[in-house]
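The values are calculated or read from the model by the stated rules, or taken from the named source; none is laboratory data. Just so it is clear, the model here is predicted, and its values are computed rather than measured. Because the Cβ atoms are built from the backbone with ideal geometry, glycine has one as well, and the counts that use them run over all protein chains shown.
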Amino acid sequence: MTAVNARSVGGPTADGSNAPLVTLENVRWHVPTPRGLVKAVDGVSFSARDGEIVCLVGESGCGKTTTGKIAAGLLTPTSGRVLYEGRDISSLRGDDFNRFRRGVQLVHQDPYASINPMHTVGATLSAPLRRHGFASSSSAARKRAAELLDLVDLTPSSDFLDKYPHQLSGGQRQRVAIARALTVEPRFIVADEPVSMVDVSIRISLLNTMLRLQKELGTGFLFITHDLALARYFAWGGRIGVMYVGRMVELGLASDLVANPQHPYTRALLSAIPEADPELTRTKTRVELRSLEVPSLLKLPTGCTFHPRCPQFETGICEVSVPQLLAPGSKVAELDSSNVHAVACHVVARG
Ligand SMILES: Nc1ncnc2c1ncn2[C@@H]1O[C@H](COP(=O)(O)OP(=O)(O)OP(=O)(O)O)[C@@H](O)[C@H]1O
Ligand code: SF4
Ligand SMILES: [Mg+2]
């Protein structure tokens, strides 16, 4: 077994370099609180190539949002690095930094909070278009705003340009938030639970819009969700990373990870997903955990932090040392490592 090198995960970028577009290298975000040190993110590494979908999935509080903010440069990791096109973002200045700022955009979970209620949709989209030089006049900005509304399936755009956020549904507001992210022509969008606050009936159509954007514009996504069924749908052509209390425990191609989950936590999550066929759901074998209690970040279990819940727990190993995210075999460097299926588990590593 060889530890996964985040820098090796990913192929050539659009600019011809071999660097992945966005890389997180062993990032930690430890925050001191009156009750002790909270290890919200504890050594997460992965990268995304141009146009790639990477999905982060895990229970509430496992560090997904914090990881997403770090990837978007909105939070500085307490240790580790974020690279954009192979360059440490903390060293970027001037135009280089602005290129990164525009290149990676964040779409928040809550479309109600992320859009100014006092501005029309047209004004919301025109402001960044003018500010970042994507439109040279207000009429050009309005024309581009209309095109962006078409892109996110708010049609006819003339029905939406002069509306205020309170005149829109939650799903329409989230489409406006996506259109706003697109104003600066990003190469990568961090979408943090983008459909969790919209009506269940329109979730799939919103996901389909984003998938179309990925295909048509080549925009990559870091898609964050607590729902493995949604991750499976959105990331089917990409990769899924499963997080557990601040760490990545499994990372692989979505199709591989779903068909052949390795980590006991991933297996448990997958076994709990209801299937479209009720008979299949009824007959599915559910992985039973030893405990349902999620550990406190202030008092994490020793060794593998999943050990108090893990059905495959082995005394003398699991509670003793922290398993690293490993790729099988020793040929990682020779592989297109975007295909690597990596797992952080002593028992899986032993084979
Ligand atoms: N500023 C902070 N101070 C203290 N703890 C924090 C702070 N920010 C985040 N945390 C804690 O870090 C952990 C990870 O938070 P984060 O929001 O990244 O989780 P998440 O996986 O996105 O959760 P959810 O699914 O609920 O959105 C949580 O336990 C949270 O309470
Ligand atoms: S290292 Fe041990 S406790 Fe952790 S997931 Fe693997 S088997 Fe379970
Ligand atoms: Mg979150």
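When the residues of region 143-170 are filtered to those that are of a type in the set (Asp, Glu) and either touching a strand residue (DSSP E or B) at 6+ places or on another chain (Cβ under 9 Å) or assigned to a helix (DSSP H, G or I) (or both), the one that is farthest from GLU216 (Cα to Cα) is ASP159.
The rows are residues; the columns are (1) more than 19 Å from LEU230 (Cβ to Cβ); (2) of a type in the set (Ser, Thr, Tyr); (3) near ligand 1 (Cβ under 8 Å from one of its atoms).
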| position | (1), (2), (3) |
| --- | --- |
| VAL22 | yes, no, no |
| GLU25 | yes, no, no |
| HIS30 | yes, no, no |
| ARG35 | yes, no, no |
| ALA40 | yes, no, yes |
| VAL44 | yes, no, no |
| ASP50 | yes, no, no |
| GLU59 | no, no, yes |
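When ALA113 is tested against the conditions (1) without any contact (Cβ under 8 Å) to a residue 40 or more places away in the chain; (2) buried (at least 18 other Cβ atoms within 10 Å of the Cβ); (3) of a type in the set (A, V, I, L, M, F, W, C), the lone failure is (2). Filtering region 211-264 to residues that are polar (S, T, N, Q) and either free of Cβ contacts under 8 Å to residues at least 24 places away in the same chain or surrounded by fewer than 23 Cβ atoms within 10 Å (Cβ to Cβ) (or both) leaves GLN214, THR219, SER255, ASN260, GLN262.
Filter region 96-124 down to the residues that are at pLDDT 95 or above and among the acidic types (Asp, Glu) and list them by number. Residue satisfying the conditions is ASP96 alone. The single condition from (1) exposed (fewer than 15 other Cβ atoms within 10 Å of the Cβ); (2) assigned to a strand (DSSP E or B); (3) of a type outside the set (S, T, N, Q) that ALA140 fails is (2). Within region 296-318, at least one residue is surrounded by fewer than 17 Cβ atoms within 10 Å (Cβ to Cβ), more than 26 Å from the chain's Cα centre (by Cα), farther than 30 Å from ARG35 by Cβ and of a type in the set (D, E, K, R). For the condition away from ligand 3 (no atom under 16 Å from the Cβ) and surrounded by 15 or more Cβ atoms within 10 Å (Cβ to Cβ), what is the one hit in VAL200, VAL184, VAL190? Answer to the check: VAL184. Screening VAL195 against (1) at pLDDT 95 or above; (2) of a type outside the set (D, E, K, R); (3) touching a strand residue (DSSP E or B) at 6+ places or on another chain (Cβ under 9 Å) leaves a single unmet condition, (1).
ILE202 meets the stated requirement of being assigned to a helix (DSSP H, G or I) and farther than 15 Å from PHE223 by Cα.
Criterion first (at pLDDT 95 or above, closer than 24 Å to GLY237 by Cβ, out of contact with any Gly (no Cβ under 8 Å at 6 or more places or on another chain) and not hydroxyl-bearing (Ser, Thr, Tyr)) does LEU74 satisfy it? The answer is no for LEU74. Of all residues in region 123-131, none satisfies being crowded, with 20+ Cβ neighbours inside 10 Å and either more than 28 Å from the chain's Cα centre (by Cα) or not in a helix (DSSP H, G or I) (or both).
Scan region 222-250 for residues that are part of a strand (DSSP E or B), more than 16 Å from ligand 2 (Cβ to nearest atom) and either under 11 Å from THR266 (Cβ atoms) or at pLDDT below 95 (or both) and jot them down. Across region 222-250, the qualifying residue is only ILE240. The set of residues in region 61-98 that are among the small types (Gly, Ala, Ser) and without any contact (Cβ under 8 Å) to a residue 40 or more places away in the chain comprises GLY73, SER90, SER91, GLY94.
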